[in-house]
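Engineer: Quick one: the structure is below, and I'll ask about it shortly.
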Number of protein chains: 2
Amino acid sequence: MERNRALEIVAKQLTDKRYKHTLGVTETAIHLAKIYNVDEKKAELAAIFHDYAKFRPLDEMKQIIIEQKFDSNLLEFNPELWHAPVGAYLVEHEAGISDSDILSAIRYHTSGREKMTSLEKVIYVADYIEPGRSFPGVDEARKLAEKDLNEALFFAVKNTILFLMNKNQSVFPDTFRLYNDLVKKER
Amino acid sequence: MERNRALEIVAKQLTDKRYKHTLGVTETAIHLAKIYNVDEKKAELAAIFHDYAKFRPLDEMKQIIIEQKFDSNLLEFNPELWHAPVGAYLVEHEAGISDSDILSAIRYHTSGREKMTSLEKVIYVADYIEPGRSFPGVDEARKLAEKDLNEALFFAVKNTILFLMNKNQSVFPDTFRLYNDLVKKER
């Protein structure tokens with residue numbers, strides 16, 4: 001799918017602010033894809049579509065999670081997680097994207113998972129550091145991303161867990177598994 | 001088993017420092033058992049024996065984990081975790097303690113787990129706050145333990161995870177599950 005067609009589709013699903021975020025993620029994902037020898041076209045499309053389901057009603061997302069038999073843990077955890085797997089489903093069925101690499105990058109862009117593909121890492125990290133992001137540590141994350149994708153991913157997932165725990169919020173098991181995976185193997 | 005006989009058995013397994021810690025945990029566990037209507041005798045014995053395997057050689061512990069088919073994840077995580085399940089096994093087979101409540105309190109005193117029993121919680125928290133412990137936050141944990149066992153447990157498990165993550169160490173899955181369990185259900 002051409003970039004402009006993809007942007008046209010996704011623009012209808014997003015607020016202006018979220019569309020701007022999507023453009024930032026796309027630019028960053030292409031940049032990281034170049035550095036880490038990831039397919040740039042796949043990175044571009046995964047980034048454009050990563051938040052496709054962000055503004056779907058919770059009821060609709062819940063129904064899709066149940067009907068499509070997604071990880072039933074999702075329903076017990078933060079609904080903020082739902083738009084990622086639901087997005088992968090809707091991008092396939094509504095936007096006609098069938099590439100499984102792109103779909104899994106969308107599916108895991110919020111929770112992460114053990115043994116992420118390089119494309120999944122690029123989208124996860126791009127979402128964390130795109131130019132519109134502003135939080136303590138984002139500059140360090142940006143620097144790490146230029147040097148070592150796994151270090152940047154580790155930084156992002158660790159800080160995400162610490163952020164959630166400092167608010168006494170639950171942490172999705174896939175996210176913990178990613179953290180442990182990076183501690184033990186990849187770094 | 002009588003207290004003195006139990007202490008005599010365990011004294012042979014521990015350094016003086018660790019024996020003193022054990023006495024502190026025992027005193028604290030009995031105190032908490034009284035507050036939270038937990039069997040005091042079981043709390044006493046679980047506390048006395050909780051660190052029974054603390055100084056066993058890693059090779060011996062590893063062999064027991066493999067032969068007894070304990071959670072194979074253990075071998076991929078911090079060996080500091082091993083003395084708890086191995087201790088439960090040795091306390092049963094060497095010291096002749098057969099009470100399953102006591103053994104599970106020993107088994108989970110380091111990692112914790114989802115859906116802990118009250119006795120397991122008492123031992124976990126007593127181990128964290130016994131009078132010999134000295135770390136930032138221990139006084140707050142002690143105050144919480146007088147008022148609400150689940151709050152004290154949550155405080156302990158959350159700080160344990162944060163401590164490990166700040167050192168970029170892995171966190172055993174049972175410990176994360178306990179954290180999420182307490183966030184979602186018990187508090």
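Laboratory data are not the source of any read-out in this text; all were calculated from the coordinates shown. Just so we're clear, the structure is a prediction, and the values are computed from it rather than from any experiment. As a convention, Cβ positions derive from the backbone with ideal geometry for all residues, glycine included, and neighbour counts pool all protein chains shown.
Engineer: Using the beta-carbon distance between B:E40 and B:D148 and R0 = 22 Å, what value does 1/(1 + (r/R0)^6) give for FRET efficiency, to the nearest 0.05? Walk me through the numbers on the way to the answer.
Structural biologist: Working: r = 20 Å, r/R0 = 0.89.
About 0.65, to the nearest 0.05.
Engineer: Distances from B:D39 to the same residue in each other copy, label points 7 Å out along Cα→Cβ, in nm, shortest first?
Structural biologist: Between copies, matching label points for B:D39 lie 6.0 nm apart.
Engineer: For B:K17, go 7 angstrom from Cα along the Cα-to-Cβ vector, then report the distances to that same point in the other copies in nm, smallest first.
Structural biologist: Copy-to-copy label distances at B:K17, shortest first: 5.3 nm.
Engineer: For peptide B:152-163, how many partner chain Cβ atoms fall within 10 Å of a residue's Cβ, on average? Please list the in-between numbers first.
Structural biologist: Numbers: counts 0, 0, 1, 0, 0, 0, 3, 1, 0, 5, 4, 0.
Mean inter-chain Cβ contacts per residue within 10 Å come to 1.
Engineer: Ordered by residue, what ³J(HN,Hα) values in Hz, to whole numbers, does the stretch A:171-177 give under the Karplus form 6.51 cos²θ - 1.76 cosθ + 1.60, where θ = phi - 60° and Gly and Pro are x?
Structural biologist: My calculation for the stretch A:171-177 gives 10, 4, x, 4, 6, 4, 5 Hz in order.
Engineer: Now a separate question. Which chain B residue puts its Cβ closest to the axis that rotates B onto A, and at what distance in whole Å?
Structural biologist: In residue-and-Å form, the answer is B:F176, 2.
Engineer: Okay, moving on. Taking each pair of distinct Cα atoms in the stretch A:37-113 once, what is the resulting Kirkwood hydrodynamic radius in Å? If you can, show how the numbers build up before the last one.
Structural biologist: Details: mean 1/r = 0.0803 Å⁻¹.
Its Kirkwood hydrodynamic radius stands at 12.4 Å.
Engineer: In addition: Please state the shape class of the stretch B:100-145: rounded when a/c is under 1.5, otherwise prolate if a/b exceeds b/c and oblate if not, all from the C-alpha gyration tensor.
Structural biologist: Values: a/c = 2.45, a/b = 2.12, b/c = 1.15.
Here the stretch B:100-145 falls in the prolate category.
Engineer: Using the Cα gyration tensor of the stretch B:11-61, with a ≥ b ≥ c the square roots of its eigenvalues, what is the shape: rounded (a/c below 1.5), prolate (a/b larger than b/c) or oblate (neither)? Before the final figure, lay out the partial values.
Structural biologist: Values: a/c = 3.54, a/b = 2.09, b/c = 1.70.
Prolate, since a/c reaches 1.5 and a/b exceeds b/c.
Engineer: Just counting partner chain Cβ atoms within 10 Å, what average do the residues of peptide B:87-96 show around their Cβ? Before the final figure, lay out each step's value.
Structural biologist: Working: counts 0, 0, 0, 0, 0, 0, 0, 0, 0, 0.
Across B:87-96, the average partner-chain Cβ count within 10 Å equals 0.
Engineer: Shifting gears a bit: Based on the mean of other beta carbon atoms within 10 Å per residue, what is the order of A:66-72, B:3-9, B:32-38, B:153-159, most packed first? Don't skip to the end; give the middle numbers.
Structural biologist: Details: A:66-72: 11.7, B:3-9: 14.0, B:32-38: 17.4, B:153-159: 21.7.
With the highest mean Cβ count within 10 Å placed first, the list reads B:153-159, B:32-38, B:3-9, A:66-72.
Engineer: With viscosity set to 0.692 mPa s at 37 °C, what whole-number translational diffusion coefficient in µm²/s follows for chain A from Stokes-Einstein and a Kirkwood radius over Cα pairs? Intermediate results must be reported in sequence, preceding the final value.
Structural biologist: Details: Rh = 16.5 Å.
Estimated via Stokes-Einstein, D reaches 199 µm²/s.
Engineer: Read phi for every residue in the stretch B:146-155 and hand back ³J(HN,Hα) as whole Hz from Karplus 6.51 cos²θ - 1.76 cosθ + 1.60, θ = phi - 60°, with x for Gly and Pro.
Structural biologist: 6, 9, 7, 4, 5, 5, 5, 4, 4, 4
Engineer: How high is the FRET efficiency from B:H31 to B:R5, r the C-beta distance, R0 35 Å, rounded to 0.05?
Structural biologist: Details: r = 22 Å, r/R0 = 0.63.
Given R0 = 35 Å and the Cβ-Cβ separation, E is 0.95.
Engineer: What ³J(HN,Hα) values, in whole Hz, does the Karplus curve 6.51 cos²θ - 1.76 cosθ + 1.60 give for the stretch A:111-128 when θ = phi - 60°, with x put for Gly and Pro?
Structural biologist: Karplus values, whole Hz, x for Gly and Pro: 7, x, 6, 4, 6, 5, 6, 4, 4, 4, 5, 4, 5, 4, 6, 4, 4, 7.
Engineer: Quick one: with label points 7 Å out along Cα→Cβ, list the inter-copy distances for A:P57 in nm, shortest first?
Structural biologist: Between copies, matching label points for A:P57 lie 6.7 nm apart.
Engineer: How big is the Kirkwood radius of the stretch A:97-187, worked out from every pair of different alpha carbons and given in Å to one decimal?
Structural biologist: Numbers: mean 1/r = 0.0749 Å⁻¹.
Kirkwood hydrodynamic radius for the stretch A:97-187: 13.4 Å.
Engineer: Which three extents, in whole angstrom, do the alpha-carbon atoms of the protein assembly as shown cover along their principal axes, largest first?
Structural biologist: Principal extents (largest minus smallest coordinate, Cα): 79, 39, 36 Å.
Engineer: If I take R0 = 35 Å and measure r between the Cβ atoms of B:F163 and B:T15 in this structure, what FRET efficiency does the formula 1/(1 + (r/R0)^6) give, to the nearest 0.05? Show your work: numbers first, answer last.
Structural biologist: Details: r = 23 Å, r/R0 = 0.65.
Step by step, r from the Cβ atoms, then E = 0.95.
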